[in-house]
Amino acid sequence: MIKAGIIGTGNIGTDLLLKLIKTDFIEPIIFAGRRMSSNGIKLAQEKGINVTDKGIQFFIDNKIYIDVIYDCTNATDAKKHAKIFKEQGVKVIDLTPAKIGDLCVPTINPEAIKTQDNVNMITCGGQASTPLLNVISKHCDLEYIEVVSQIASDSAGMATRLNIDNYIHTTERAISEFTGCNNCKVILNLNPAIPQVDMQTTLFIKADNIQFSELNKDIYKTIERLQEYIPYYELVMPPTINNDVLVLSIKVKGTGDYLPEYAGNLDIINCAAIEISKNLL
């Protein structure tokens, strides 16, 4: 069993905790936040998980044996935490857009966690788009990429809202790194509509020499692979060329572990983090 800790008890951290409890290969040892009154800590206590409201100070003051820490705080705090966990010899899977360690996507470079002290799970939009963009890049000459993600406002906690600029920069960096295209733009919309909208990400790609048949086949193969660890990842608009622009769109529903099914943005980054963790076994 992989012994794990989580720091950050907001939406992402609490959803991740509930997912870890359901696995048969990760044992959550400690759930660290800042307020004992937080919904996440209260839920963890109900589940019999050890909790603390001391945050990073708990790990400084206590020697606790864990194989990996999932950082679900925010980009600013994650940079401070990374130094401490490195000194302690604990691997970090960073679910903030802090860009400290290698950017990591399960379908592209899952082995990074074996050799690196810290890997970064990019963003929900990054995990939704980069697997497909990486495949597309092998079947055309990319000129421009635009990624537009929409999530329900109710699924975006305080850390997500604090990290908007980091979200954009980190996702753009991941797209460039995994496609070789430096001309890209990322947009994130927080939709306040009621009833809440599902997470949806649309890709707009301008490219030359598109090998459409091969590209299409590989897109569907990649989606099958993604659905192995993100059950409700769905292609809602298949690859289409419109006015010389390749367009496709995906939707992600959540499994409803913490927030309702509309919060697919939590599922996609947390499921990716758990999938990466398998390489620690």
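The values are calculated or read from the model by the stated rules, or taken from the named source; none is laboratory data. These figures come from a predicted structure and were not determined experimentally. Cβ coordinates were reconstructed from backbone atoms using ideal geometry, including for glycine residues, and neighbour counts include every protein chain displayed.
For the reader, a short list of remarks on this structure follows.
- Restricting attention to region 27-38, the residues being surrounded by 14 or more Cβ atoms within 10 Å (Cβ to Cβ) and either over 21 Å from the mean Cα position of the chain (by Cα) or among the aliphatic types (A, V, I, L, M) (or both) number 5.
This table checks each residue for (1) under 18 Å from residue 93 (Cβ atoms); (2) buried (at least 20 other Cβ atoms within 10 Å of the Cβ); (3) touching a residue at least 60 places away in the same chain (Cβ under 8 Å); (4) not assigned by TED's automatic domain parsing to the domain that holds residue 118.
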site: 6; (1), (2), (3), (4): yes, yes, yes, no
site: 20; (1), (2), (3), (4): yes, yes, yes, no
site: 42; (1), (2), (3), (4): no, no, no, no
site: 64; (1), (2), (3), (4): yes, no, no, no
site: 68; (1), (2), (3), (4): yes, yes, yes, no
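- Positions within region 171-180 being touching a helix residue (DSSP H, G or I) at 6+ places or on another chain (Cβ under 7 Å) and either in a strand (DSSP E or B) or buried (at least 16 other Cβ atoms within 10 Å of the Cβ) (or both), in sequence order: 171, 174, 175, 178, 179
- For region 100-109, the criterion of being in a helix (DSSP H, G or I) and closer than 25 Å to residue 165 by Cα is satisfied by no residue at all.
- Restricting 168, 276 to those that are buried (at least 18 other Cβ atoms within 10 Å of the Cβ) and in the same structural domain as residue 22 (by TED's automatic domain parsing) reduces the list to 276.
- When region 183-216 is filtered for residues that are out of contact with any Asp or Glu (no Cβ under 9 Å at 6 or more places or on another chain), in a loop (DSSP other than H, G, I, E, B) and either aliphatic (A, V, I, L, M) or over 25 Å from residue 267 (Cβ atoms) (or both), the ones remaining, listed by number, are 193, 197, 211.
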